[in-house]
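Take a look at the structure below.
The values are calculated or read from the model by the stated rules, or taken from the named source; none is laboratory data. Not measured: the values here are computed from a predicted model. With ideal geometry, Cβ positions are generated from the backbone for all residues, glycine too; neighbour counts draw on all protein chains shown. Ligands, DNA and RNA are excluded from the accessible area calculation, which covers all protein heavy atoms including side chains. Shrake-Rupley method; radii C 1.70, N 1.55, O 1.52, S 1.80 Å.
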Amino acid sequence: MNIQSFAVIGAGQMGSGIAQVASQAGLEVQLLDLKEEWVQKGWNRIVKNLSRNVEKKKMTEAEKEDVLSRIHTTVHLEEAVGGADMVVEAVVENMQVKRDLFGKMDDLAPDRAILATNTSSLPITEIAAATKRPEQVIGMHFMNPVPVMKLVEVIRGLATADNVYQTVETLARKMDKTPVEVNDFPGFVSNRVLMPMINEAIYTVYEGVAEPEAVDQVVKLGMNHPMGPLTLADFIGLDTCLYIMETLYEGFGDSKYRPCPLLRKYVKAGWLGRKTGRGFYQYA
Ligand code: NAI
C-alpha cells in the first residue's frame, strides 16, 4: 500500500516531530490535538525546528515553506483521520486513553487505513483489541527528537498482517529512518533496556549516593553516553518515564522494575522535566 495521506494524533514533542518527518517525506499530514493552543504549540515547534535547519543551511527557506504547506492542523478527529491512509497516535502514555482513541479512530478512519501507535511501552495487541481491524494496527515507535534520531522500532501485535508490517517498514525508510522489528512485550527493546537504567540513576539520587550532576557526569564520562540518564529523563518527560516503569512492573511482575519513589514524587509535584521547566534540573 502506498501511503500518501497521513494523520498524527497528539501534537506534543513526539507528534510534532512525526508530523515534520512525514511531511519531509512528501506526505500530506493532518496534525491534531485536543485544543487549538496545543496544536499551535506543536506547529510552532515544527517551525522552530525547520528554521534552525535553514539557519544551519541544511535546508532552504523554500524547502521549509514546502514542508509546512503539507501540514494541516485541526482539533476535530473526523477531519484528521477521515481521509487518512495511515494514522500515528502520539498521545499520553495511558492505556485507557489510547484504547478510547483507537475505538473512535476505527469508526472514523477509512477501512484501508493503518492505525499505528507511537507508544513507548504499552502492549500493541491490547490497543489493537479496541478496534475491529486488529490486523491493521501496529506499533511505530520513534525516538526523541524525532527529526534527529534514526531508529524506529516496528512492533507487530498478535494479529498484525504482513502487508501492514511491510508498508510501515517501507514508510519508515522513506522518512529516512532505520526500522528494527521487535516483538510485542512491555517496553519492547528500547525502553526495557533504557528505562531501568534511568530508574536506577534516580535511585542513586534518592538514596543519597550522589547529586544529579554527579550521576550524569559518571555516565557521560565513564560510559561515553552523549547525555546523562537524569538529563535524558528530563528530556523524555518524567511522567512518561513513570508510565513506562509502571508498564514494565505490571507487565513482568518483577520487583526489579519498581518505579523509584522519588520519580513518583516529582511527577506528583508536576515536575515533569524540560516540558514544565523543572525536573532533576531547572530550565529557564
Ligand atoms: P507530550 O505530553 O509532549 O504530548 C502528548 C500530547 O497529546 C499533548 O499535546 C496532549 O494534549 C495530547 N493528547 C492527550 N490526549 C489526547 C487525545 N485523547 N487526543 C488528542 N491529543 C491528546 O508527550 P510525548 O512525549 O509527545 O509522548 C507521546 C507518546 O509518545 C507517548 O505514548 C509516549 O510514551 C511516546 N513516546 C515518547 C517519547 C519521549 O521521549 N517523550 C519517545 C518515544 C515515544
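Here the condition is being near the ligand (Cβ under 10 Å from one of its atoms) and either among the small types (Gly, Ala, Ser) or modelled with pLDDT of 95 or more (or both); of 70, 99, 45, it holds for 45 alone. Taken together, the residues in segment 201-220 that are part of a helix (DSSP H, G or I), open to solvent by 30 Å² or more (accessible area, probe 1.4 Å) and of a type in the set (D, E, K, R) amount to 2.
Within segment 12-39, if we keep just the residues that are in contact with a His (Cβ under 9 Å, 6 or more places away or on another chain) and open to solvent by less than 10 Å² (accessible area, probe 1.4 Å), the residue that is farthest from the ligand (Cβ to nearest atom) turns out to be 29.
So, in segment 232-271, of the ones that are aliphatic (A, V, I, L, M) and within 16 Å of the chain's Cα centre (by Cα), which residue ends up farthest from residue 215 (Cα to Cα)? Selected residue: 244. With respect to residue 147, is the statement that it is in a loop (DSSP other than H, G, I, E, B), within 13 Å of the chain's Cα centre (by Cα) and surrounded by fewer than 22 Cβ atoms within 10 Å (Cβ to Cβ) true? So residue 147 fits the description; yes. Every condition in (1) in contact (Cβ under 8 Å) with a residue 12 or more places away in the chain; (2) surrounded by fewer than 17 Cβ atoms within 10 Å (Cβ to Cβ); (3) under 27 Å from residue 96 (Cα atoms); (4) hydroxyl-bearing (Ser, Thr, Tyr) holds for residue 240 except the one numbered (2).
Comparison of 127, 138, 114, 155 shows that the only residue that is among the aliphatic types (A, V, I, L, M), surrounded by 20 or more Cβ atoms within 10 Å (Cβ to Cβ), more than 15 Å from the ligand (Cβ to nearest atom) and modelled with pLDDT of 95 or more is 114.
Just checking, does segment 221-243 include any residue being over 21 Å from residue 282 (Cα atoms), among the aromatic types (Phe, Trp, Tyr) and in a helix (DSSP H, G or I)? Checked segment 221-243: at least one residue is over 21 Å from residue 282 (Cα atoms), among the aromatic types (Phe, Trp, Tyr) and in a helix (DSSP H, G or I). Identify all residues within segment 228-237 that are within 26 Å of residue 185 (Cβ to Cβ) and open to solvent by 20 Å² or more (accessible area, probe 1.4 Å); write none if there are none. Correct list: 232, 235, 236.
Only one of the numbered conditions (1) surrounded by fewer than 19 Cβ atoms within 10 Å (Cβ to Cβ); (2) at pLDDT 95 or above; (3) assigned to a loop (DSSP other than H, G, I, E, B); (4) touching a helix residue (DSSP H, G or I) at 6+ places or on another chain (Cβ under 7 Å) is not met by residue 104, and that is (3). Of the residues examined, residue 171 is not one that is outside any helix (DSSP H, G or I), within 30 Å of residue 25 (Cα to Cα) and not aromatic (Phe, Trp, Tyr).
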